[in-house]
Amino acid sequence: MVSTHPTGVQHTGSQYLPQRRSNSPNQELLPLTARVNGHDFLEIGGCDITTLVQQFGSPLYILDEETLRSACQQYRDAFKQYYQGESQVLYASKAWNCLAVCAIANSEGLGIDVASGGELYTALAAGVSPDKIYFHGNNKSRAELLYAIEVGCTIVADNWYELHTLVQLAEEQESRGAREQAENSSLRTRILLRLTPGIDCHTHEYIRTGHLDSKFGFDPGDLDEVFAFVSQQPALNCVGVHAHIGSQIFERQPHRDLAALMVQWVTKAASYGLTLTEVDVGGGLGITYIQSDDPPSIEEWVKPICEVIQEACAAENLPLPKLLCEPGRSLIANAGVTAYTIGSSKVIPDIRTYVAVDGGLSDNPRPITYESVYRAVVANKMSSPLTETVTIAGKHCESGDVLIKNAQLPKTEPGDILVVMGTGAYNYSMASNYNRLPRPAAVVVTNGEANLILQRETYQDLIRQDCLPERLKS
Ligand code: LLP
């Protein structure tokens, strides 16, 4: 008998065998190395998940190195194959920013997109060279901008306030003698201009950024004025344009439209004497969270963007710019899973059965924030029939703390290990300490080896930043 498991893994007799759609990690529910071992337990990166939980505790974020590296390579290779000019893939580290993840992306030749001083600090500490770091954000502080200027990364200028602050900071530096050669472009602050393209796409309202009503980027109506201003600033070395239209996008047309529009911007800039050599099309490729999700593969996403840029540049008689993109989710989401231990349950006759795990909205705030859907398997019962429909609840004091509604699972009992798939992006990076839950540990797995990349927080960690004024001490 053959039945379909929530992983798309097919149950054929005694084993669930992963059924691949492709090798593009963003199209797979489980990491590429997932298999079911002889005990019918789930293995990732050659490591038995139940053993990892015994060793590193629960809940546990697990990152499969091979899947992450494979996604990095697929992006890199697709640009090499389809783009005749120079290209650079940046990892949007907001998806999961920590030393080990930045180090892996860096070792695959990717640059890093950072969105705060803290992400910048982490990327630098991981050994990423500043010339491969791009700093985003709609309200970077003066201190963050100064930090970025001092380390020499590229700043993606988002608005007028920021442009004026950058000019002011550069002038201050100059007057302190730090910029004797302001005309030397290597000493000028390297910037891209972030523009709002006014391109709509179908994704959750909170993660759409390219439509006109967005807090990010210069309004298209300001284009002439921005180019005119920037071209007159000796302190700024404006090398290109940037846009990002949103996240978890399955449609193919919006990025084609964006690519064509961005070449028009380069042409317009030229009329102000600005030679732009970089075009950054942002990120946004969607991933598979549940079986019915059908995103394009990494190659299918990259290819049309390259084609459109090349055609448009040929039509405008422009040299090919260095083409950049900055995926986050599609690089890392499906390389990650979260393992939880099942505890209590509550049966409400004719209504619902709740099965609770030892984490919840503090380690994965996406369901309560965006109504995101996830799928799960029971790692120690991979070939048991899926007889139950249950709601997976977290352990927080909040009724909305539900990770999965209507999960199809085998019969579970306390101590079973539940593995939620596709949690590599925007889980750890958005985690909190709500209810003072210590944040989970994370391990990277490869070839049967597991290494800690984030220590589990302790109760001491939770009060480390607390201050108890003398007069409140008992
Ligand atoms: N570049 C910029 C400027 C961005 O704002 C983002 C994501 C990316 C690149 C990467 O986009 P991706 O390839 O991951 O789609 N917390 C939300 C997602 C917010 C995305 C924010 N910006 C979530 O959990 O779905």
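Taking Ser186 as the residue in question, decide whether it is in a loop (DSSP other than H, G, I, E, B) and either farther than 23 Å from Lys303 by Cα or at pLDDT 95 or above (or both).
Values: in a loop (DSSP other than H, G, I, E, B): no; either farther than 23 Å from Lys303 by Cα or at pLDDT 95 or above (or both): yes.
No: the conditions fail for Ser186.
Could you list all residues from segment 236-251 that are closer than 22 Å to Gln88 by Cα and in contact with a Pro (Cβ under 6 Å, 6 or more places away or on another chain)?
Ala243, Ile245
Please work out if Leu323 is crowded, with 23+ Cβ neighbours inside 10 Å, away from the ligand (no atom under 13 Å from the Cβ), assigned by TED's automatic domain parsing to the domain that holds Ala157 and in contact (Cβ under 8 Å) with a residue 60 or more places away in the chain. Show your work before the answer.
Details: crowded, with 23+ Cβ neighbours inside 10 Å: yes; away from the ligand (no atom under 13 Å from the Cβ): yes; assigned by TED's automatic domain parsing to the domain that holds Ala157: yes; in contact (Cβ under 8 Å) with a residue 60 or more places away in the chain: yes.
For Leu323, the condition - crowded, with 23+ Cβ neighbours inside 10 Å, away from the ligand (no atom under 13 Å from the Cβ), assigned by TED's automatic domain parsing to the domain that holds Ala157 and in contact (Cβ under 8 Å) with a residue 60 or more places away in the chain - is met.
Considering only segment 214-235, I want to know if a residue exists there that is farther than 20 Å from Gln88 by Cα, among the polar types (S, T, N, Q), within 16 Å of the ligand (Cβ to nearest atom) and crowded, with 24+ Cβ neighbours inside 10 Å. Even if it seems obvious, please write down each step before you answer.
Going residue by residue through segment 214-235, those that are farther than 20 Å from Gln88 by Cα are 214-235.
Now restrict to residues that are among the polar types (S, T, N, Q): 214, 231-233.
Pick out the ones that are also within 16 Å of the ligand (Cβ to nearest atom) and you get 214.
Checking which are crowded, with 24+ Cβ neighbours inside 10 Å leaves us with none.
Looking for residues that are farther than 20 Å from Gln88 by Cα, among the polar types (S, T, N, Q), within 16 Å of the ligand (Cβ to nearest atom) and crowded, with 24+ Cβ neighbours inside 10 Å, one finds none in segment 214-235, hence no.
Confirm whether Gly198 is buried (at least 23 other Cβ atoms within 10 Å of the Cβ) and either at pLDDT below 95 or over 30 Å from Ala95 (Cβ atoms) (or both). Lay out the reasoning, then the answer.
On the way: buried (at least 23 other Cβ atoms within 10 Å of the Cβ): no; either at pLDDT below 95 or over 30 Å from Ala95 (Cβ atoms) (or both): yes.
Taking the combined requirement at face value, the residue does not satisfy it.
Looking only at segment 453-474, which residues are within 28 Å of the chain's Cα centre (by Cα), β-branched (Val, Ile, Thr) and under 15 Å from Pro438 (Cα atoms)? Explain how you work it out, then say what you get.
To start, the set of residues in segment 453-474 that are within 28 Å of the chain's Cα centre (by Cα) comprises 453-458, 461-462, 465.
Imposing the further condition that a residue be β-branched (Val, Ile, Thr) reduces the set to 453, 458.
Listed by number, the list holds a single entry, Thr458.
Is it true that Asn406 is surrounded by fewer than 16 Cβ atoms within 10 Å (Cβ to Cβ) and in contact with a strand residue (DSSP E or B) (Cβ under 6 Å, 6 or more places away or on another chain)?
Working: surrounded by fewer than 16 Cβ atoms within 10 Å (Cβ to Cβ): yes; in contact with a strand residue (DSSP E or B) (Cβ under 6 Å, 6 or more places away or on another chain): yes.
So Asn406 fits the description; yes.
Starting from segment 283-305, take each residue that is within 18 Å of Tyr83 (Cα to Cα) and assigned to a helix (DSSP H, G or I) and list its partners that are near the ligand (Cβ under 10 Å from one of its atoms) and of a type in the set (Ser, Thr, Tyr), counting only C-beta distances under 7 angstrom and pairs at least six apart or across chains.
Ile298/Ser330
Given the criteria over 21 Å from Leu276 (Cβ atoms), in contact with a His (Cβ under 8 Å, 6 or more places away or on another chain) and at pLDDT 95 or above, does Val114 qualify? Lay out the reasoning, then the answer.
Values: over 21 Å from Leu276 (Cβ atoms): yes; in contact with a His (Cβ under 8 Å, 6 or more places away or on another chain): yes; at pLDDT 95 or above: yes.
So Val114 passes the test.
Across segment 241-259, which residue is surrounded by the most Cβ atoms within 10 Å (Cβ to Cβ) among those that are within 14 Å of the ligand (Cβ to nearest atom) and either outside any loop (DSSP other than H, G, I, E, B) or not assigned by TED's automatic domain parsing to the domain that holds Gly198 (or both)?
Val241
For Ser93, only one of the following conditions fails: (1) buried (at least 23 other Cβ atoms within 10 Å of the Cβ); (2) touching a residue at least 24 places away in the same chain (Cβ under 8 Å); (3) farther than 17 Å from Gln73 by Cα. What is its number?
(3)
Restricting the search to segment 427-449, which residues are in a strand (DSSP E or B) and in contact with a Phe, Trp or Tyr (Cβ under 8 Å, 6 or more places away or on another chain)? Show your work before the answer.
Of the residues in segment 427-449, the ones in a strand (DSSP E or B) are 441-446, 449.
Hits for segment 427-449 are Ala441, Ala442, Val443.
If you take the residues in segment 124-147 that are of a type in the set (D, E, K, R) and outside any loop (DSSP other than H, G, I, E, B), which one is nearest to Cys325 (Cα to Cα)?
We begin by selecting, within segment 124-147, every residue of a type in the set (D, E, K, R); these are 131-132, 140, 142, 144.
Still in the list and also outside any loop (DSSP other than H, G, I, E, B): 131-132, 142, 144.
Values: Asp131: 15, Lys132: 12, Arg142: 26, Glu144: 23 Å.
The residue in question is Lys132.
Among the residues of segment 148-160, write down those that are hydrophobic (A, V, I, L, M, F, W, C) and in a strand (DSSP E or B). Before the answer, list the steps.
Residues of segment 148-160 hydrophobic (A, V, I, L, M, F, W, C): 148-149, 151, 153, 155-157, 160.
Hits for segment 148-160 are Ile155, Val156, Ala157.
Among the residues of segment 143-167, how many are within 19 Å of Thr196 (Cα to Cα), among the hydrophobic types (A, V, I, L, M, F, W, C) and surrounded by 17 or more Cβ atoms within 10 Å (Cβ to Cβ)?
Residues flagged as within 19 Å of Thr196 (Cα to Cα), among the hydrophobic types (A, V, I, L, M, F, W, C) and surrounded by 17 or more Cβ atoms within 10 Å (Cβ to Cβ) within segment 143-167 amount to 4.
The values are calculated or read from the model by the stated rules, or taken from the named source; none is laboratory data. Remember, predicted model here, so these are calculated numbers, not experimental data. Note that we place each Cβ from the backbone using ideal geometry, even for glycine, and neighbour counts take in every protein chain shown.
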